[in-house]
Amino acid sequence: MKNPQDPAARPYRIGSCPQCGQSVRLDESNPWRPFCSERCKLLDLGDWFAGRYGIPSDDPTPHHRDPDGD
Ligand SMILES: [Zn+2]
């Protein structure tokens, strides 16, 4: 009779890649977890950096001189 608590009998954890949504193993056999691949991991980091640092600043002060202001 099988023991249902036996870890070897337990199925590995499956999640979905945050980048592409593909099913991905969430154990040590997947070095890119929770992503499915290095590519998705890098893409996600790229998105993160772009979102944090890549937003063009909305500077309200104009940098050009008013030609009539002198
Ligand atoms: Zn992916």
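The values are calculated or read from the model by the stated rules, or taken from the named source; none is laboratory data. Predicted model only: the values in this text are computed from it and were never measured. Neighbour counts run over all protein chains shown; Cβ positions are idealised from the backbone, glycine included. Note: areas computed on protein heavy atoms with side chains; ligands, DNA, RNA excluded. Shrake-Rupley method; radii C 1.70, N 1.55, O 1.52, S 1.80 Å.
Could you please give the count of residues in segment 34-49 that are open to solvent by 60 Å² or more (accessible area, probe 1.4 Å) and either part of a loop (DSSP other than H, G, I, E, B) or modelled with pLDDT under 90 (or both)?
Result for segment 34-49: 5.
In segment 9-25, what residues are under 15 Å from the mean Cα position of the chain (by Cα) and either assigned to a loop (DSSP other than H, G, I, E, B) or in contact (Cβ under 8 Å) with a residue 60 or more places away in the chain (or both)?
Correct list: Cys17, Pro18, Gln19, Cys20, Gly21, Gln22.
Which one is most open to solvent (accessible area, probe 1.4 Å) among residues in segment 13-24 that are more than 9 Å from the ligand (Cβ to nearest atom) and not polar (S, T, N, Q)?
Step by step, filter segment 13-24, then rank; the result is Arg13.
Would you be able to tell me the number of residues in segment 25-40 that are within 8 Å of the ligand (Cβ to nearest atom) and among the charged types (D, E, K, R)?
1
When Pro31 is evaluated against the numbered criteria (1) of a type outside the set (Ser, Thr, Tyr); (2) exposed (fewer than 10 other Cβ atoms within 10 Å of the Cβ); (3) outside any loop (DSSP other than H, G, I, E, B), which criterion, by number, is the only one it fails?
(3)
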